[in-house]
Amino acid sequence: MAKTNKVAKVYHRVIPEHDFLKYWRVVRYWAKAKYKLSQEDLELLMFLYNSPTFTIDDFNMFNGIMNWDPPRFKNLKRDGWIKKWRNANSKSKALYHLSYKGKKIVRSVYRKLLGEEHISEDRRRNPVFDKGQYCYTHTMYGRIMKYMNEEFKTVREYKEQYKEREL
């Protein structure tokens, strides 16, 4: 019987163009802990982020697929996430918009997901790292936040080196 040589298969890994949702769970946990928002509140802010103005009907359209929470709009308005842009009159409805505070948190979430901004590991800026509020879940998320920051730092350094080579 003749001996045949086996040729090893070569596998090529295609690196995905987009993977910014890789750390969505971690960034969401950070935002909820830091700003004391529910997941539904955060998702609503993200839904309304690109709308210059919206009515209560627009708000309720997306709110309808979430857990039933009648005072959600009032609470977001009371806490300063939503501001009234125009009062209602006989011909038009009241218009609202995300406040600076609301836009700032959504912008920060996007920047963290894209790796443009790191999650602070300082206990004064991030309640996840506060030793006074010890919780096993905080510890585990803290580890992955550190890992995420290191990964994004490595990627940024690699991109900078690559740009220097092109010049």
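Could you check, for the range 130-152, whether at least one of its residues is in contact with an Asp or Glu (Cβ under 9 Å, 6 or more places away or on another chain) and in a loop (DSSP other than H, G, I, E, B)?
Going residue by residue through the range 130-152, those that are in contact with an Asp or Glu (Cβ under 9 Å, 6 or more places away or on another chain) are 138, 142, 145-146, 149, 152.
Okay, now just the ones that are also in a loop (DSSP other than H, G, I, E, B), so none.
Taking every residue of the range 130-152 in turn, none turns out to be in contact with an Asp or Glu (Cβ under 9 Å, 6 or more places away or on another chain) and in a loop (DSSP other than H, G, I, E, B).
Among the residues of the range 71-112, how many are surrounded by fewer than 12 Cβ atoms within 10 Å (Cβ to Cβ) and under 14 Å from residue 41 (Cβ atoms)?
Residues in the range 71-112 being surrounded by fewer than 12 Cβ atoms within 10 Å (Cβ to Cβ) and under 14 Å from residue 41 (Cβ atoms): 4 in total.
Being assigned to a loop (DSSP other than H, G, I, E, B), at pLDDT 90 or above and hydrophobic (A, V, I, L, M, F, W, C) is the requirement here; does residue 37 meet it?
On the way: assigned to a loop (DSSP other than H, G, I, E, B): yes; at pLDDT 90 or above: yes; hydrophobic (A, V, I, L, M, F, W, C): yes.
The answer is yes for residue 37.
Take the residues in the range 133-161 that are in contact (Cβ under 8 Å) with a residue 40 or more places away in the chain, closer than 16 Å to residue 121 by Cβ and not aromatic (Phe, Trp, Tyr), then tell me which one is surrounded by the fewest Cβ atoms within 10 Å (Cβ to Cβ).
144
Applying the selection to the range 48-72, what residues are of a type outside the set (D, E, K, R), more than 10 Å from residue 98 (Cβ to Cβ) and either part of a loop (DSSP other than H, G, I, E, B) or under 14 Å from the mean Cα position of the chain (by Cα) (or both)? Explain how you work it out, then say what you get.
First, pick out the residues of the range 48-72 that are of a type outside the set (D, E, K, R): 48-56, 59-68, 70-71.
Narrowing further to those that are more than 10 Å from residue 98 (Cβ to Cβ): 55-56, 59-68, 70-71.
Passing the criteria: 55, 64, 65, 66, 67, 68, 70, 71.
In the range 83-99, is there at least one residue being touching a residue at least 24 places away in the same chain (Cβ under 8 Å), in contact with a His (Cβ under 8 Å, 6 or more places away or on another chain) and either in a loop (DSSP other than H, G, I, E, B) or farther than 19 Å from residue 31 by Cβ (or both)?
Step one: of the range 83-99, the residues touching a residue at least 24 places away in the same chain (Cβ under 8 Å) are 85-86, 93-98.
Now drop any that are not in contact with a His (Cβ under 8 Å, 6 or more places away or on another chain), which leaves 85.
Pick out the ones that are also either in a loop (DSSP other than H, G, I, E, B) or farther than 19 Å from residue 31 by Cβ (or both) and you get 85.
Yes; the residues of the range 83-99 include at least one that is touching a residue at least 24 places away in the same chain (Cβ under 8 Å), in contact with a His (Cβ under 8 Å, 6 or more places away or on another chain) and either in a loop (DSSP other than H, G, I, E, B) or farther than 19 Å from residue 31 by Cβ (or both).
The values are calculated or read from the model by the stated rules, or taken from the named source; none is laboratory data. Note that this is a predicted model, so its numbers are computed, not measured. A quick note on method: Cβ atoms are made from the backbone with ideal geometry, for glycine too, and the neighbour counts reach across all protein chains shown.
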